[in-house]
1. Within the range 1-59, can you find the residues that are over 21 Å from Tyr113 (Cα atoms), in a loop (DSSP other than H, G, I, E, B) and hydrophobic (A, V, I, L, M, F, W, C)?
2. Quick one: which strands (runs of 3 or more DSSP E) lie wholly within the range 167-225 and hold at least 2 residues that are at pLDDT below 95?
3. Count, please, the residues in the range 60-82 that happen to be surrounded by fewer than 21 Cβ atoms within 10 Å (Cβ to Cβ) and assigned to a helix (DSSP H, G or I).
4. If a residue has to be under 22 Å from Ser14 (Cβ atoms) and among the small types (Gly, Ala, Ser) to count, how many in the range 201-246 make the cut?
5. From the list His141, His110, His118, exactly one residue is in the same structural domain as Ser218 (by TED's automatic domain parsing), in contact (Cβ under 8 Å) with a residue 12 or more places away in the chain, under 32 Å from the mean Cα position of the chain (by Cα) and not in a loop (DSSP other than H, G, I, E, B). Which is it?
6. Before we move on, is Asp227 surrounded by fewer than 24 Cβ atoms within 10 Å (Cβ to Cβ), more than 19 Å from Cys136 (Cβ to Cβ) and not polar (S, T, N, Q)?
7. Could you say which residue among Asp299, Asp253, Asp281, Asp239 is surrounded by 15 or more Cβ atoms within 10 Å (Cβ to Cβ), among the charged types (D, E, K, R) and without any contact (Cβ under 8 Å) to a residue 60 or more places away in the chain?
8. Counting just the residues of the range 1-31 that are among the β-branched types (Val, Ile, Thr) and touching a residue at least 60 places away in the same chain (Cβ under 8 Å), which one comes out nearest to Cys251 (Cα to Cα)?
Amino acid sequence: MKLMFLGTGAGVPSASRNVSAVALDLVAENGAIWLFDAGEGTQQQLLKAGLGLRRITRVFITHLHGDHLFGLPGLLSTRSFQAGAPPLDVYGPPGLGEYLGTVLRVSASHLTYDLTIHEVADGETAFHATGFTVTCRLLDHVVPSFGYRVTEDERPGALQVERLRALGLGPGRWYGQLKAGQTVTFPDGRVVDGRDYCGPGQPGRIVAILGDTRPAASAVELARGADVLVHESTYGPADAALAPPYFHSTCLDAAAIARAAGVRTLLITHFSARYSDRDLDELADAARQVFPATFAMRDFQVVDVNRQSLA
């Protein structure tokens, strides 16, 4: 599981930062890439990153502001020119279906794959299948803005190979079945329940990706115990007075949410164009005074989400 930041700017693109888009690379887990937001220019960012559109099977839109959304219609259309593109599911706030339906209709765009649009509601499970569950919460922004919590299923514990060998059950295809917790009947008639020969299960990884928001209790709830929290940081401490009236957060707000939620790592993004790349280090340093495991993201930065090293 990897996070790639395709756009880390807020409002308008700049020479060094595109507007919002984050790819959750699950190729190693299920062969797919999930996209969170798709601001203008996201297609170009995907091309530069070497991420193919056919790999994208789900898109989660946090809210309907242009810097999070205007790249989606073009992405949907281009995907039609790629032979064998699989079905695509898009999730987002109420109004997303009307927006996409209108844009595709008036531009005479005809998709060659099945597109399913899911308009989400506060507190519901947006998606669940073997491997992952995605839940969402409404945040505090000038328009309905959601955060998404991606929870990986519990992973089976290690197979206790020495115990099996002591029973005379050497390596074979059944090892995989036993590790999956299945019951296997061996040629000599013995029946072995894999659950009896696996160590304790390991909790799955959790990633919380939030849309634009002022500090909110729902953000803390959504991020509770997450391995990684991706939180907007539109403003730095010197411009903190601008954050509340524009329904945004500062880097200190993001750090306070991360601390309250007990996350492992905070990745801040969605920076105002007033800040240079050099300024981002200062924003991260300020946030670390509140939450030490804070990192400021740049376009095309990749973060491995694992239990050993998160940034």
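The values are calculated or read from the model by the stated rules, or taken from the named source; none is laboratory data. Bear in mind that the values here come from a model prediction, so they are computed numbers and not experimental data. Using ideal geometry, Cβ is built from the backbone for each residue, glycine included, and neighbour counts are taken over all protein chains shown.
1. Listed by number, the residues that qualify are Met1, Ala10, Val12, Ala15.
2. On the way: elements: 183-185, 191-193, 206-210.
Qualifying strands (runs of 3 or more DSSP E): 183-185, 191-193.
3. Residues that pass the stated criteria total 7.
4. Qualifying residue count for the region: 6.
5. His118
6. no
7. Numbers: Asp299 fails: without any contact (Cβ under 8 Å) to a residue 60 or more places away in the chain; Asp281 fails: surrounded by 15 or more Cβ atoms within 10 Å (Cβ to Cβ); Asp239 fails: surrounded by 15 or more Cβ atoms within 10 Å (Cβ to Cβ).
That would be Asp253, the only listed residue that is surrounded by 15 or more Cβ atoms within 10 Å (Cβ to Cβ), among the charged types (D, E, K, R) and without any contact (Cβ under 8 Å) to a residue 60 or more places away in the chain.
8. Thr8
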